[in-house]
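Engineer: Attaching a single structure in structure tokens format; questions to follow.
The values are calculated or read from the model by the stated rules, or taken from the named source; none is laboratory data. Since this is a predicted model, take the numbers as computed values, not measurements. As a convention, Cβ positions derive from the backbone with ideal geometry for all residues, glycine included, and neighbour counts pool all protein chains shown. To get the accessible areas, we keep the full protein, side chains included, count just its heavy atoms, and leave off ligands, DNA and RNA. Shrake-Rupley method; radii C 1.70, N 1.55, O 1.52, S 1.80 Å.
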Amino acid sequence: MNTYYDYLLVGAGPAAAAAASAIREKDTQGQILMLGAEPETPYQRPPLSKGLWLGKDAESDLPLKSASDWASLGVEMALGDPVITLDPQHREVKTLAGKRYDYGKALLAMGGRPKPLAAVPELLRDRVLSLRSLADYRRLRARAAEGGEVLVVGGGFLGAELAATLSQQGALKIHYCVSGDGPLAQMLPPMLVEKVSARYRSAGVDMEKQRKLMEIRAQDGRLAAVFADGHPVVCDWMVYGIGMEPNNALADTAGLQKGQGAVAVDAQMRSSDPHIWVAGDLATYPDPVWGSPLRLEHWDNAEATGRIAGLNMAGETVAFRHQSMFYSDIYEFGFEAVGECRSDMVGHTECSPDGDQAIVYYLRDHQLRGVLLWNVWGKVKAARTLIAAKRRVEPDALRGLLKDW
Ligand SMILES: Cc1cc2nc3c(=O)[nH]c(=O)nc-3n(C[C@H](O)[C@H](O)[C@H](O)COP(=O)(O)OP(=O)(O)OC[C@H]3O[C@@H](n4cnc5c(N)ncnc54)[C@H](O)[C@@H]3O)c2cc1C
């Protein structure tokens, strides 16, 4: 027999957690159930590639709330059992273990999974790792404890963070290969890419750009990664971060409208089905400033969209107005950014006299679209205001706008 819940939250990450708390703020009575594929209650992912390795965080710091806090909030959990079907007509979901639930309103917040590498030989599967979950982190940690030579692949956030983190683990020799012009080169201006690249080299990382991975094969009991230039890197194991794929399967079978490769929602985070809301990495929503479809894969976005979805599920009618920020840490460099930050949009970069801090302004059609704050803190709000003004700007007019060095 099916069990009925007023609110069924599929996915137990930060977006679902924020939605659950927001629902409870508005509806103290409704029955809430959170369904998660992982055995953990919602936890922080950012430390998996940073703080946990560097002694800044412990695994016990990761949960967003304790199991007893969720229970006191009246949020029931069914974990370690993924939802495998969603029937929007009958408002019913079914899990892998065969449990069936009916719902009044549902949230889809299943996030995504690492984009896979093409063809990894079966023999090498346990030596080619990726990182999304706590279980992945534990696998990686066990490998890293064995020492050896490691290849890190990926020029985005995850690859850049992992190469930096692993290079600080002592017993590992790191090869770091990116297919583009350097670490984070799709976002940073060349001057900062060079600064970061130099930092990897000073940490003893063998960093190489323009290296496109073509094949992975076994060689003399080790792993050989073959690149487009024909030169292999031979190592003991490798870890890659080449992007994320949204977990679309349930939305696809339910026939929900898509956008930008994920699930399209309106400004209230409601999907094309009136009883289903979507949040976090899985949601494509109208950009609060520009109105164009936007999908982000960042922590702040997950919490903020989850909260708005939850409020609206509980009967509010609030539009999403938040300009999400994102952040990363690589060695002693830390940055926060808002808006669209693509290196081909850099309009102006300003550096502190000692070169340790920078502000990057990104322009499109003479409008400020994004701001990246490199080792500059407390300016996110001001950056949001500048972007939201949607004024016509010339690069010269950006000098000293956020900081006068
Ligand atoms: C290693 C790492 C480091 C990161 N660092 C940063 C950072 O420094 N800054 C930043 O801004 N962002 C960072 N992020 C990104 C950020 O963590 C994500 O954007 C955020 O977690 C997305 O939240 P979400 O709730 O949408 O999805 P997720 O956090 O992915 O949670 C979704 C949950 O749903 C579960 N699920 C999936 N399918 C099903 C199913 N069928 N049934 C039930 N449950 C299901 C998943 O197992 C998962 O637990 C990082 C991500 C990773 C992996």
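Engineer: Looking at (1) more than 30 Å from P274 (Cα to Cα); (2) surrounded by fewer than 17 Cβ atoms within 10 Å (Cβ to Cβ), which is the only condition L162 fails?
Structural biologist: If we test L162 against (1) more than 30 Å from P274 (Cα to Cα); (2) surrounded by fewer than 17 Cβ atoms within 10 Å (Cβ to Cβ), just (2) comes out false.
Engineer: Determine which member of the set V233, V239 is under 22 Å from P116 (Cβ atoms), in contact with a helix residue (DSSP H, G or I) (Cβ under 7 Å, 6 or more places away or on another chain) and buried (at least 16 other Cβ atoms within 10 Å of the Cβ). Talk me through it step by step, then tell me what you get.
Structural biologist: On the way: V233 fails: in contact with a helix residue (DSSP H, G or I) (Cβ under 7 Å, 6 or more places away or on another chain).
Step by step, each of V233, V239 is checked, and only V239 is under 22 Å from P116 (Cβ atoms), in contact with a helix residue (DSSP H, G or I) (Cβ under 7 Å, 6 or more places away or on another chain) and buried (at least 16 other Cβ atoms within 10 Å of the Cβ).
Engineer: Something else: Do we have any residue at all in the range 263-270 that's of a type outside the set (K, R), open to solvent by 40 Å² or more (accessible area, probe 1.4 Å) and in contact with a helix residue (DSSP H, G or I) (Cβ under 6 Å, 6 or more places away or on another chain)? Quick ask: steps written out before the conclusion?
Structural biologist: Kept after step one, since they are of a type outside the set (K, R), are these residues of the range 263-270: 263-269.
With the extra rule that they be open to solvent by 40 Å² or more (accessible area, probe 1.4 Å), the set shrinks to 266, 268.
If we keep only those that are in contact with a helix residue (DSSP H, G or I) (Cβ under 6 Å, 6 or more places away or on another chain) as well, we get 268.
Taking every residue of the range 263-270 in turn, at least one turns out to be of a type outside the set (K, R), open to solvent by 40 Å² or more (accessible area, probe 1.4 Å) and in contact with a helix residue (DSSP H, G or I) (Cβ under 6 Å, 6 or more places away or on another chain).
Engineer: Given (1) open to solvent by 20 Å² or more (accessible area, probe 1.4 Å); (2) farther than 20 Å from L52 by Cα, identify the lone condition not met by R143.
Structural biologist: Condition (2) is where R143 drops out.
Engineer: Here is a further query. Which one is nearest to R217 (Cα to Cα), of the residues in the range 245-263 that are of a type outside the set (S, T, N, Q) and in contact with a Lys or Arg (Cβ under 6 Å, 6 or more places away or on another chain)?
Structural biologist: E245
Engineer: Let me ask something else about it. Which of the following residues is among the basic types (K, R) and closer than 30 Å to F227 by Cα: R127, R91?
Structural biologist: Numbers: R91 fails: closer than 30 Å to F227 by Cα.
Unique residue meeting the criteria: R127.
Engineer: If you don't mind, another one. Out of V75, V10, V93, which single residue is near the ligand (Cβ under 9 Å from one of its atoms), open to solvent by less than 20 Å² (accessible area, probe 1.4 Å) and over 30 Å from Y240 (Cβ atoms)? Spell out how you get there, then give the answer.
Structural biologist: On the way: V75 fails: near the ligand (Cβ under 9 Å from one of its atoms); V10 fails: over 30 Å from Y240 (Cβ atoms).
Just a single option satisfies the conditions, and that option is V93.
Engineer: Just one of the numbered conditions (1) open to solvent by less than 30 Å² (accessible area, probe 1.4 Å); (2) free of Cβ contacts under 8 Å to residues at least 60 places away in the same chain; (3) touching a strand residue (DSSP E or B) at 6+ places or on another chain (Cβ under 6 Å) is not true of G36; which one?
Structural biologist: Among (1) open to solvent by less than 30 Å² (accessible area, probe 1.4 Å); (2) free of Cβ contacts under 8 Å to residues at least 60 places away in the same chain; (3) touching a strand residue (DSSP E or B) at 6+ places or on another chain (Cβ under 6 Å), G36 violates only (3).
Engineer: I've got another one for you. I need a count of the residues in the range 13-41 that are among the acidic types (D, E) and either within 9 Å of the ligand (Cβ to nearest atom) or under 24 Å from the mean Cα position of the chain (by Cα) (or both). Can you show your working first?
Structural biologist: In the first step, residues of the range 13-41 are kept if they are among the acidic types (D, E); the result is 25, 27, 38, 40.
This time we only want the ones that are either within 9 Å of the ligand (Cβ to nearest atom) or under 24 Å from the mean Cα position of the chain (by Cα) (or both), so: 38, 40.
Residues that pass the stated criteria total 2.
Engineer: How many residues does the range 330-379 contain that are among the basic types (K, R) and either touching a Leu at 6+ places or on another chain (Cβ under 6 Å) or open to solvent by less than 50 Å² (accessible area, probe 1.4 Å) (or both)?
Structural biologist: The initial filter retains those residues of the range 330-379 that are among the basic types (K, R), namely 342, 364, 369, 379.
Retained after the next criterion (residues that are either touching a Leu at 6+ places or on another chain (Cβ under 6 Å) or open to solvent by less than 50 Å² (accessible area, probe 1.4 Å) (or both)): 369, 379.
Total satisfying the criteria: 2.
Engineer: Can you pull out the residues in the range 97-148 that are closer than 23 Å to I174 by Cα and aromatic (F, W, Y)? Please lay out each step first, then the result.
Structural biologist: Narrowing the range 97-148 to residues closer than 23 Å to I174 by Cα: 114-121, 123-148.
Within the range 97-148, Y137 is the sole residue that qualifies.
Engineer: Can you report the number of residues in the range 387-396 which are open to solvent by 40 Å² or more (accessible area, probe 1.4 Å) and either closer than 24 Å to V193 by Cβ or acidic (D, E) (or both)?
Structural biologist: 3
Engineer: Looking at this structure, is C351 in contact with a strand residue (DSSP E or B) (Cβ under 6 Å, 6 or more places away or on another chain) and either within 14 Å of the ligand (Cβ to nearest atom) or among the acidic types (D, E) (or both)? Steps first, answer last, please.
Structural biologist: Numbers: in contact with a strand residue (DSSP E or B) (Cβ under 6 Å, 6 or more places away or on another chain): yes; either within 14 Å of the ligand (Cβ to nearest atom) or among the acidic types (D, E) (or both): no.
Spelling it out, it is not the case that C351 is in contact with a strand residue (DSSP E or B) (Cβ under 6 Å, 6 or more places away or on another chain) and either within 14 Å of the ligand (Cβ to nearest atom) or among the acidic types (D, E) (or both).
Engineer: Considering only residues of the range 165-189 that are over 18 Å from S49 (Cα atoms) and in contact (Cβ under 8 Å) with a residue 40 or more places away in the chain, which is most open to solvent (accessible area, probe 1.4 Å)? First the steps, then the outcome.
Structural biologist: Of all residues in the range 165-189, those over 18 Å from S49 (Cα atoms) come to 179-182, 185-189.
Among the residues that remain, those that are also in contact (Cβ under 8 Å) with a residue 40 or more places away in the chain are: 185-189.
Details: A185: 20, Q186: 160, M187: 16, L188: 2, P189: 7 Å².
Among those residues, the one meeting the criterion is Q186.
Engineer: Shifting gears a bit: What are the pairs with Cβ atoms under 7 angstrom where one residue, in the range 82-104, is touching a residue at least 24 places away in the same chain (Cβ under 8 Å) and of a type in the set (S, T, Y) and the other, located anywhere, is in a loop (DSSP other than H, G, I, E, B) and near the ligand (Cβ under 9 Å from one of its atoms)? Sequence gap at least six, or different chains.
Structural biologist: T95/D81; T95/P82
Engineer: Scan the range 234-252 residue by residue and report those that are near the ligand (Cβ under 10 Å from one of its atoms) and either touching an Asp or Glu at 6+ places or on another chain (Cβ under 9 Å) or modelled with pLDDT under 95 (or both).
Structural biologist: Answer for the range 234-252, where residues must be near the ligand (Cβ under 10 Å from one of its atoms) and either touching an Asp or Glu at 6+ places or on another chain (Cβ under 9 Å) or modelled with pLDDT under 95 (or both): G241, M244, P246, N247.
Engineer: Separate question: Out of the residues in the range 96-122 that are open to solvent by 50 Å² or more (accessible area, probe 1.4 Å) and closer than 30 Å to L223 by Cβ, which is nearest to the ligand (Cβ to nearest atom)? First the steps, then the outcome.
Structural biologist: Going through the range 96-122, the residues open to solvent by 50 Å² or more (accessible area, probe 1.4 Å) turn out to be 96-97, 99-100, 105, 113, 115-116, 118-119, 122.
Applying the additional criterion that residues be closer than 30 Å to L223 by Cβ yields 113, 115-116, 118-119, 122.
Values: R113: 8, K115: 12, P116: 15, A118: 21, A119: 23, E122: 25 Å.
Of everything passing the filter in the range 96-122, R113 is nearest to the ligand (Cβ to nearest atom).
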